[in-house]
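Participant: Mind looking over this structure? Questions follow.
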Amino acid sequence: MRSQSYNKEKFIRAFAEVVSNHTQIPQMVLLNDENQLRSLVSQFTPFPWDQVAAIVGLRDKWRVYHWYYETYQNALEQLLKEDKELIRSELESAIQSKQEVGKVFQYALKQKLSREYDRTTFSRYFNNTRRQFEQQQYQNLTIQQKLELKRRQNNTIFAQPQITPVKPQIPYQTLSQPQNIQQTPKFTNLNVQQLQENVQENEVQTEEHKMDDAFNDFARNLLKNKISSLLKTF
């Protein structure tokens, strides 16, 4: 069964019931103001299509989704002829002048239209028209220009990312610990005097060690000679 054969009133009541349950707005208020109902439906992220499907007796929530956008919205929110011509004219000029046609451009364009449209209705016509102009522009390119455009696109896709080396940084917590900070010793007159005394003491100890070593060598030699003399007497 195609979505066009579904009962519109049954679907609208189901949408109003679901929105009312989530917003606490009375169902009759939404049924009497379909503009408010559509506005609230567009604000859901995402909208609970499965809940509407359950109310109307459908297992597939996507049937409800397609009915809402392809049948209900299209019939309700057709762009006026003068607004379509305005969108095409503004888009053609922007694309030819290589102007950005992003969110800022679209917002300014919406302000020029004769009336306010649903976001989906405007976006669908805007994007379809933009693709048509871009395709026409591409067809007007020479073979060389098409090859150059293809090469640039490939270079953009396979370009190697630029990696900037980052110096390792010591965490602040580590630096805040006194034991992790190397401080240069400060030399005062007292420190210098103490160092000189330590050097002199080391020199004296070194001389004493040398004298002890000499005495020990003399005693060993003397004992060795006495033992040799005694052995000769036997």
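The values are calculated or read from the model by the stated rules, or taken from the named source; none is laboratory data. Only a predicted model underlies this, so the values are computations on that prediction, with no experimental measurement involved. Counting neighbours? That spans all protein chains shown, and the Cβs are built from the backbone with ideal geometry, glycine included.
Participant: Against the definition (outside the structural domain of R119 (by TED's automatic domain parsing) and in contact with a Lys or Arg (Cβ under 7 Å, 6 or more places away or on another chain)), how does W49 come out, yes or no?
Facilitator: Considered against the rule, which asks whether it is outside the structural domain of R119 (by TED's automatic domain parsing) and in contact with a Lys or Arg (Cβ under 7 Å, 6 or more places away or on another chain), W49 comes out as yes.
Participant: Before we move on, is R59 out of contact with any strand residue (DSSP E or B) (no Cβ under 9 Å at 6 or more places or on another chain), outside the structural domain of R124 (by TED's automatic domain parsing) and surrounded by 15 or more Cβ atoms within 10 Å (Cβ to Cβ)?
Facilitator: no
Participant: Still on this structure, I have one more. Does segment 136-147 contain at least one residue that is part of a helix (DSSP H, G or I) and of a type in the set (A, V, I, L, M)?
Facilitator: yes
Participant: Kindly provide the set of residues from segment 111-127 that are loosely packed, with under 15 Cβ neighbours inside 10 Å and closer than 10 Å to L79 by Cβ, ordered by number.
Facilitator: Within segment 111-127, S114, R115 meet the criteria.
Participant: Looking at K8, is it charged (D, E, K, R) and modelled with pLDDT of 90 or more?
Facilitator: no
Let's see how each residue does on (1) within 17 Å of A14 (Cβ to Cβ); (2) loosely packed, with under 13 Cβ neighbours inside 10 Å; (3) among the charged types (D, E, K, R):
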site: Y72; (1), (2), (3): yes, no, no
site: D83; (1), (2), (3): no, no, yes
site: L86; (1), (2), (3): no, no, no
site: A94; (1), (2), (3): no, no, no
site: K103; (1), (2), (3): no, yes, yes
site: L109; (1), (2), (3): no, no, no
site: T129; (1), (2), (3): no, no, no
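Participant: Taking segment 36-93, which residues are within 20 Å of Q24 (Cα to Cα) and polar (S, T, N, Q)?
Facilitator: Q36, S39, S42, Q43, T45, Q51
Participant: Specify the residue that is surrounded by the most Cβ atoms within 10 Å (Cβ to Cβ); the eligible residues are those in segment 3-38 that are small (G, A, S) and in contact (Cβ under 8 Å) with a residue 12 or more places away in the chain.
Facilitator: A16
Participant: In addition: Of all residues in segment 91-110, which are under 32 Å from the mean Cα position of the chain (by Cα) and either part of a helix (DSSP H, G or I) or in contact (Cβ under 8 Å) with a residue 24 or more places away in the chain (or both)?
Facilitator: The answer is L91, A94, I95, V101, K103, V104, F105, Q106, Y107, A108, L109, K110.
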